[in-house]
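Engineer: Once you've had a glance at the structure underneath, I'll fire off some questions.
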Amino acid sequence: MQNEKSVIDARILSPGSLAPQLTIVIPAYNEVESLPVLAKEINDVCEREGISYEAIVIDDGSKDGTFECVQRLSAADPRIKGIQFRRNCGKAAALSEGFAHSRGKFVITMDADLQDNPAEIPSIIKMLEDGADLVSGWKKKRYDPIHKTAPSKLFNAVTGRVAGLKLHDFNCGLKGYKSEVVKSLDLYGELHRYIPVLANWNGFKVVEKAVEHRPRQFGVSKYGWARLTNGMFDLVTLVFLHRYTSRPLHLFGFVGLLFSTIGFLILAGFALLWAITGEGHVRPLMLMGVAFMIVGVQFISIGLLGEMINHRMADRTHPVARTAGL
Ligand code: UDP
Ligand code: MG
């Protein structure tokens, strides 16, 4: 939790003040030049469309005076609020903090670097009003260098297949949500890339919208090549947690059984050979059989440990969508 000083305008965040229709959550890491332009663009669009809003900028440990900029913006317009992290915690942490403070019926996230266009806000809200729970932006025409767009295509294809949700662009910063979706998300590390997957698994209706994407005007991108490999590791984690958290023995037990069966068959073969011919030399294959048996038993034990941990710690609440007569 941040200290009192780092949250601007506790007055506005205090309970009792009227909740706005929309909360805009903006993670910002060294984006001092972009923020004033972005604040003005958001204000112009929302004023024109009559949308009541609050914008929460989460300064993710910037070193360039981003937070001082947010303080100035907030002093001039109390709808703009800021939270400052003491160090760089990552985009997922920034979004998560913004979500926790959001009060709007709808929540829209957008990058601070002006690559996302606030002009998309009204149509995203319309889609949410028309029944979508999550509107995920799709940078159909993308203004990024090839070393970003090519890995990104691969990432989207793999994620879509593994997660069972077909989207062109999982990682777009511009997304719209019904409030209940963001309140249900548990983000950490770099899991922000998989928000649509998590929401979809939780039974929310996820739709995609082609959005305008603009070249970066100020500053530099905060991500490099490692994004692709890290992203794939995160996907493995996610799928594992999703499928097997509540039944670890199903996975570990299966692998363990496979190993022990192969090990057992090898050793049984040698036992038979010994019984028939009396030959009892230690062979490399025999050692492999023993190793397989041991590994197999270990896997099964890990699965059982998982079941024990699960039995004690599992969250047995269920995602209730609606109730009637309760
Ligand atoms: N960002 C952040 N923390 C980080 C890295 C990025 O809050 O550790 C913010 C960044 O300021 C920007 C958004 O996340 O508003 C997207 O980052 P970036 O533009 O660098 O990503 P790209 O558009 O190159 O994919
Ligand atoms: Mg960007």
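Engineer: Decide, for region 82-125, between rounded, prolate and oblate: order the square roots of the alpha carbon gyration tensor eigenvalues as a ≥ b ≥ c, take rounded if a/c falls under 1.5, and otherwise choose prolate if a/b is larger than b/c, else oblate.
Structural biologist: The shape class here is oblate.
Engineer: Can you tell me how much longer the chain between VAL290 and LEU18 gets when fully stretched, taken as 0.36 nm per residue apart minus their C-alpha distance, in nm with one decimal?
Structural biologist: 91.0 nm
Engineer: For a quick check, take a GNM of the chain with Cα springs below 10 Å and name the residue from PHE155, PHE218, PHE204 with the largest mean-square fluctuation.
Structural biologist: PHE218
Engineer: Quick one: ranking THR323, THR237, THR66 by accessible area, 1.4 Å probe, largest first, what do you get?
Structural biologist: THR323, THR237, THR66
Engineer: How large is the accessible surface per residue of the chain, computed with a 1.4 Å probe and reported in Å² as a whole number? Show your work: numbers first, answer last.
Structural biologist: On the way: 17790 Å² over 326 residues.
Per residue, the chain has an accessible area of 55 Å².
Engineer: Going from most exposed to least, what order do ASP113, ASP130, ASP44 have by accessible area with a 1.4 Å probe? Don't jump to the answer; show the numbers that get you there.
Structural biologist: Details: ASP113 10, ASP130 105, ASP44 70 Å².
Descending order: ASP130, ASP44, ASP113.
Engineer: If I model region 162-230 as equal point scatterers sitting on the Cα atoms and use the Debye formula, what is log10 I(q)/I(0) at q = 0.20, 0.23, 0.24 Å⁻¹?
Structural biologist: Here log10 of I(q) over I(0) equals -1.02, -1.23, -1.28.
Engineer: Going from most exposed to least, what order do ARG161, ARG48, ARG227 have by accessible area with a 1.4 Å probe?
Structural biologist: ARG161, ARG48, ARG227
Engineer: Write down, largest first, the equivalent ellipsoid semi-axes of region 197-256 in whole Å, where each equals the square root of 5 times an eigenvalue of the alpha-carbon gyration tensor. Each step should come with its number before you reach the end.
Structural biologist: Numbers: eigenvalues 233, 71, 10 Å².
Semi-axis lengths for region 197-256 are 34, 19, 7 Å.
Engineer: Shifting gears a bit: Points 7 angstrom from Cα along the Cβ direction at ALA314 and LEU154: gap in nanometres?
Structural biologist: Once both label points are built, they end up 3.8 nm from each other.
Engineer: In addition: Convert each backbone phi in region 63-70 into a coupling constant with the Karplus relation 6.51 cos²θ - 1.76 cosθ + 1.60 (shift: θ = phi - 60°), then list the ³J(HN,Hα) values in order as whole Hz, x for Gly and Pro.
Structural biologist: Each residue of region 63-70 in turn: 10, 10, x, 4, 5, 4, 5, 4 Hz.
Engineer: Shifting gears a bit: Carbon and sulfur: what percent of the chain's accessible surface (1.4 Å probe)? The partial results should precede the final answer.
Structural biologist: Details: 11080 of 17790 Å².
With neighbouring chains kept in place, the figure for the chain is 62 percent.
Engineer: Using a 10 angstrom cutoff on alpha carbons, build the Gaussian network for the chain and name the most mobile of GLY269, GLY164, GLY253.
Structural biologist: GLY269
Engineer: Using the reciprocal of the averaged 1/r over all distinct C-alpha pairs, how large is the Kirkwood radius of the chain in Å?
Structural biologist: Numbers: mean 1/r = 0.0441 Å⁻¹.
Roughly 22.7 Å, rounded to one decimal.
Engineer: Just the projected area, averaged over all directions, of the convex hull on the alpha carbon atoms of region 145-268: how many nm²?
Structural biologist: So the mean shadow area of the Cα hull is 10.7 nm².
Engineer: Convert each backbone phi in region 124-134 into a coupling constant with the Karplus relation 6.51 cos²θ - 1.76 cosθ + 1.60 (shift: θ = phi - 60°), then list the ³J(HN,Hα) values in order as whole Hz, x for Gly and Pro.
Structural biologist: After applying 6.51 cos²θ - 1.76 cosθ + 1.60, I find 5, 4, 4, 5, 5, 5, 7, x, 6, 8, 9 Hz.
Engineer: Go ahead and set up a Gaussian network model of the chain, Cα springs under 10 Å, then flag whichever of LYS40, LYS222, LYS205 fluctuates most.
Structural biologist: Highest fluctuation of the listed residues: LYS222.
The values are calculated or read from the model by the stated rules, or taken from the named source; none is laboratory data. All figures in this text were calculated on a predicted structure; none of them were measured in a lab. Ideal geometry is used to build each Cβ from the backbone, glycine not excepted, and the neighbour counts take in all protein chains shown. Just so you know, the surface numbers come from the protein's heavy atoms only, side chains and all, with ligands and any DNA or RNA stripped out. Shrake-Rupley method; radii C 1.70, N 1.55, O 1.52, S 1.80 Å.
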